[in-house]
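Q: Here it is, the structure in full.
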Amino acid sequence: MAFMPAPGYHPYYNPTLPYNREIPGGLRPGMSIYIQGVASNHMKRFHVNFALPGGDIAFHFNPRFDGWDKVVFNSKQGGRWGSEEKKRSMPFRKGEHFELVFLVTDQHYKVTVNGSPFYEYVHRIPLQTVTHLQVEGDLELQSINFLGGGPAPGQIPMPFPAHPGPGHGHARAPHELPTMEGPPVFNPPVPFVGRMQGGLTPRKTIVIKGLVSQHANNIAINFKVAQSEEVALHINPRLTEGVVVRNSLLGGKWGKEERNISFNPFTRGQYFDLSIRCGHDRFKIFANGQHIFDYAHRFHDFNRVNTVEIKGDLSLSYVQI
């Protein structure tokens, strides 16, 4: 089953290094670039470049493990590097997972590492001239996500070959394209409660990015009717059992649990990227770009579902409903 990213959500999974790809629609204020990966056990350095055609670099982000651990920031104009900015603090640890986020504003690149603000780099080159993102060095990439900022004018989201297989790479008719309506929420507290304006509708996609706690036991993601507390879809990763339970709470009673899953993306100490799409007869759930399960609607008046609740042993980095 092909994964269709919604407008304003362009993920790439398990990309190879060196990574050098065009930024979908170009760089725009309000965009966030999420890079998830693992630092090499023998890491010496890596870099992330926001690059222009011809080799100039608007923003060079360069962690260096060299005995004087630091992160260097710079720009290259006319083929020449400018004056370096440095922070003698290393937020990455060898052999450990990390999440690196660049939030693009009119004035800065705001850098966050593992949920904590790290640095703000003032634009030296207009951000609108940036066309490519480049990543290279001593790390393993798990995903790169371009989020927010809205789709480029005239842009139509298309499937991408993140995991080639049957059904991948075929264009969808416009009426089948997924949608996202609400503004993204960055690093919200847990428990999280978000409202869906107009309720749940076919093609609506909810994106949840987060980190499972190191000692996690239980997580719950609920699609609810706020007025009645009925739960149309309950997604319940149980870390101690290694299962992801799905169910519905209707008329005050839980139904039959569903547990079959193609793979379990919820692992202690690791990041996950969940996409939940409402169809006419079922929910389709993808994790890290792979289809993991469907859940047939048991609550058929699903446009009354107006609340997303996330709670348990996790931290959230991004939610868009």
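The values are calculated or read from the model by the stated rules, or taken from the named source; none is laboratory data. Everything numeric in this text was worked out from a predicted model, so none of it was measured. Cβ atoms come from the backbone with ideal geometry, glycine included; neighbour counts cover every protein chain shown.
Q: Among the residues of segment 38-47, is there at least one that is of a type in the set (V, I, T) and modelled with pLDDT of 95 or more?
A: No, there is no match, as no residue in segment 38-47 is of a type in the set (V, I, T) and modelled with pLDDT of 95 or more.
Q: Tell me, please, whether a residue that is surrounded by 15 or more Cβ atoms within 10 Å (Cβ to Cβ), under 24 Å from the mean Cα position of the chain (by Cα) and under 19 Å from Y19 (Cα atoms) can be found in segment 84-97.
A: yes
Q: State which residue pairs qualify: first residue under 14 Å from R64 (Cβ atoms) and inside segment 128-139, second residue outside any loop (DSSP other than H, G, I, E, B) and charged (D, E, K, R) in any location, beta carbons under 6 Å apart, and separation of 6 or more residues or different chains.
A: Going by the 6 Å Cβ cut-off, the qualifying pairs are G137/R45.
Q: Turning to a different aspect of this structure: Output the strands (runs of 3 or more DSSP E) that fall wholly within segment 1-90 and possess 2 or more residues being farther than 22 Å from F286 by Cβ, or say none.
A: 19-22, 46-51, 57-64, 70-77, 85-87
Q: Also: Out of all the residues in segment 189-199, is one or more assigned to a loop (DSSP other than H, G, I, E, B) and touching a helix residue (DSSP H, G or I) at 6+ places or on another chain (Cβ under 7 Å)?
A: Looking through segment 189-199, at least one residue is assigned to a loop (DSSP other than H, G, I, E, B) and touching a helix residue (DSSP H, G or I) at 6+ places or on another chain (Cβ under 7 Å).
Q: Still on this structure, please answer the following. Can you name every residue in segment 205-264 that is in contact with a Gly (Cβ under 8 Å, 6 or more places away or on another chain), more than 25 Å from D281 (Cβ to Cβ) and among the small types (G, A, S)?
A: The answer is S213, A216.
Q: Right, something else. Going by the conditions given, is F61 closer than 21 Å to V38 by Cβ and at pLDDT 95 or above?
A: So F61 passes the test.
Q: Which one of these is surrounded by fewer than 19 Cβ atoms within 10 Å (Cβ to Cβ) and not hydrophobic (A, V, I, L, M, F, W, C): T105, T112?
A: Just one listed residue meets the conditions, T105.
Q: Give the residue, chosen from S83, S75, that is assigned by TED's automatic domain parsing to the domain that holds F46, within 17 Å of L27 (Cα to Cα) and of a type in the set (S, T, Y).
A: It is S75.
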